[in-house]
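The values are calculated or read from the model by the stated rules, or taken from the named source; none is laboratory data. If you're wondering where the values come from, they're calculated on a predicted model, not measured in any experiment. Counting neighbours? That spans all protein chains shown, and the Cβs are built from the backbone with ideal geometry, glycine included.
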Amino acid sequence: MPFLKKWFTWGVGISGWQIGREQTVFELKDSVKGLNTKFAGLICYESVFSEFVSEFVKKGAEYIIIVTNDGWWGDNSGPEQHNQYAVLRAVENRKWIVRCAQTGVSCFIDPLGNTYDKIPYWQTGVIDRNIISNNEITFYTANGDITGKAGVIVFIFSLLAVIINYVYKRKVKSSA
């Protein structure tokens, strides 16, 4: 809905709430150990789009890095809610998430959704943790939000059934 764009353009440096146009999976090579790992680099609000994140995993990402600046939220629950989206993405895709937030919540999130080494909103610090990369593809990663899509289909059929029933009853009542 392009007409809403102006309404969502705020004076805090935010003028877009959409996902990126490309999904580059980065490769980190360790020539000493002979290991290569692939990761997804998400910027801020991209982390709330579940199927967008899953596409990185389908392309080979073995863990996910989220970089964000949540200071524009101000003093409310926004930074913590934004962090909870990362927990969902970790569980959906069974991937470690490294979350680095300037003026937000920085932490590590394991594939089961457990949070480690959390630096709270508006606090500074440095965290370091070994994580395990994996190339597992979960059912959710492969198939997306089937439950939500099925719910929409059931709703549409239910709505149609109610409308047809209503029209049929009015027709029967008017012919009687």
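Taking the condition part of a loop (DSSP other than H, G, I, E, B) and touching a helix residue (DSSP H, G or I) at 6+ places or on another chain (Cβ under 6 Å), does residue 104 pass? Talk me through it step by step, then tell me what you get.
Details: part of a loop (DSSP other than H, G, I, E, B): yes; touching a helix residue (DSSP H, G or I) at 6+ places or on another chain (Cβ under 6 Å): yes.
Here the answer is yes, as residue 104 does meet what is asked.
Just checking, does the range 134-153 include any residue being more than 21 Å from residue 49 (Cβ to Cβ) and assigned by TED's automatic domain parsing to the domain that holds residue 27?
Yes, the range 134-153 contains a residue that is more than 21 Å from residue 49 (Cβ to Cβ) and assigned by TED's automatic domain parsing to the domain that holds residue 27.
What is the residue count in the range 85-105 for residues that are in contact with a strand residue (DSSP E or B) (Cβ under 8 Å, 6 or more places away or on another chain), over 7 Å from residue 64 (Cβ atoms) and buried (at least 18 other Cβ atoms within 10 Å of the Cβ)?
The qualifying residues number 10.
I need a count of the residues in the range 40-72 that are surrounded by fewer than 21 Cβ atoms within 10 Å (Cβ to Cβ) and in contact (Cβ under 8 Å) with a residue 60 or more places away in the chain.
5
Just to check your reading of the model, which residue among 105, 172, 98, 152 is β-branched (Val, Ile, Thr) and over 22 Å from the mean Cα position of the chain (by Cα)? Spell out how you get there, then give the answer.
Details: 105 fails: over 22 Å from the mean Cα position of the chain (by Cα); 98 fails: over 22 Å from the mean Cα position of the chain (by Cα); 152 fails: over 22 Å from the mean Cα position of the chain (by Cα).
That would be 172, the only listed residue that is β-branched (Val, Ile, Thr) and over 22 Å from the mean Cα position of the chain (by Cα).
Does residue 37 satisfy the condition of being over 18 Å from residue 145 (Cβ atoms), buried (at least 16 other Cβ atoms within 10 Å of the Cβ) and at pLDDT 80 or above? So that I can check it myself, show each step before the final result.
Working: over 18 Å from residue 145 (Cβ atoms): yes; buried (at least 16 other Cβ atoms within 10 Å of the Cβ): yes; at pLDDT 80 or above: yes.
Yes.
Yes or no, residue by residue, for (1) assigned to a helix (DSSP H, G or I); (2) surrounded by 11 or more Cβ atoms within 10 Å (Cβ to Cβ); (3) small (Gly, Ala, Ser):
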{"position": "122", "(1), (2), (3)": "no, yes, no"}
{"position": "129", "(1), (2), (3)": "no, yes, no"}
{"position": "133", "(1), (2), (3)": "no, yes, yes"}
{"position": "149", "(1), (2), (3)": "yes, yes, no"}
{"position": "159", "(1), (2), (3)": "yes, no, no"}
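Which pairs turn up if I take residues in the range 137-165 that are closer than 26 Å to residue 64 by Cβ and look for partners that are aliphatic (A, V, I, L, M) and at pLDDT 95 or above with beta carbon separation below 7 Å, at least 6 apart in sequence or on another chain?
Note: pairs meeting the criteria are 137/57; 141/57.
Please count how many residues of the range 66-84 are touching a strand residue (DSSP E or B) at 6+ places or on another chain (Cβ under 7 Å) and of a type in the set (D, E, K, R).
Of the residues in the range 66-84, 1 are touching a strand residue (DSSP E or B) at 6+ places or on another chain (Cβ under 7 Å) and of a type in the set (D, E, K, R).
Filter the range 100-121 down to the residues that are in contact with a Phe, Trp or Tyr (Cβ under 8 Å, 6 or more places away or on another chain), modelled with pLDDT of 95 or more and over 15 Å from residue 57 (Cβ atoms) and list them by number.
Passing the criteria: 107, 108, 110, 115, 116, 117.
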